[in-house]
1. With the contact rule set at Cα under 8 Å and sequence spacing of 6 or more, what percent relative contact order holds for region 1-154?
2. Give, in whole angstrom and from largest to smallest, the semi-axes √(5λ) of the equivalent ellipsoid of the chain, with λ running over the eigenvalues of the Cα gyration tensor.
3. Straight-line reach from K183: which aspartates and glutamates have Cα under 14 Å away, leaving out those fewer than 8 places along the same chain?
4. Tell me, which longest segment in the chain has none of the trypsin sites (Lys or Arg not before Pro) that fall in DSSP loops with at most 13 further Cβ atoms within 10 Å?
5. Out of P131, P188, P89, any idea which swings most in a Gaussian network model of the chain, alpha carbons joined below 10 Å?
6. Under a GNM of the chain (C-alpha, springs under 10 Å), which listed residue has the highest mean-square fluctuation: P138, P169, P17?
7. Quick check on region 11-211: of the DSSP beta bridges with both residues there, what percent are antiparallel, nearest 5%?
Amino acid sequence: MVLPMMRIYNEKKVFFPSGPYLLEGLLAQGTGTDAAVISHPHPAYGGSMLNNVVEALVFALQQVGMTTLRFNFRGVGASQGTPASGDEPQDVNAALNALYQQTDRPATYLAGYSFGAWANLTADWTGKQSPRQILVAPPVAVMPVDFVAAKDRILLIAVGDRDDFCPLPQLSAALTPLGLGDKVLVIPGADHFFSGAENDLISLIKEAVINSPIPD
């Protein structure tokens, strides 16, 4: 459901292959040169590309002119396959390829929320497409989230100060040895689900993208 403060523009339904399956996505052409893939939270807990935080990510990135592709992992919505199979990083790679094939634009940003952040970090995206990572509440308390491979590409890590799945002390312990402590942006009063904090998340992401443009 689109929240009252958001209006997602010009999305069209698309399908693209990931291994033997077809995945469902929503693609919107932006006015700028940047493009982003957005990954959703865990399917076992109702996660899909229509999640409120995914909506906030799409809205924020559209507001700064990006082309966006959000998609359902395998087994979610109209996507084929078995949900929560562990192959979701392969789906991220497929979405990156699909964005390029359908728009002729490589992904310059890769955004993910919770399980989606884990999948984005785990995907083998280090080839021709090396997008900046926007991570929202990576679930460090319940999954082995590895920031090492992407550490030079992380733009921001957004987290609420009441998040039990991404507690700040545990997140800091993972990031500080990598020199990434300054990438953490905290939203006061928000928990893992960001209910009622979507506008704060939108503002934070827009500001970070605008203030750190990708050089031409």
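1. On the way: 334 pairs, mean separation 34.9, N = 154.
Answer for region 1-154 is 23 percent.
2. Details: eigenvalues 107, 72, 63 Å².
Equivalent ellipsoid of the chain: 23, 19, 18 Å, largest first.
3. D152, E207
4. Numbers: sites that count: R7, K128.
In short, 8-127.
5. So, out of P131, P188, P89, the one fluctuating most is P188.
6. P169
7. Numbers: 12 of 33 bridges.
Bridges in region 11-211 are about 35 percent antiparallel.
Read-outs throughout are calculated quantities, based only on the coordinates presented, and are distinct from any laboratory measurement. Source: prediction; values computed, not measured. No Cβ is skipped: glycine too gets one built from the backbone with ideal geometry, and neighbour counts run over all protein chains shown.
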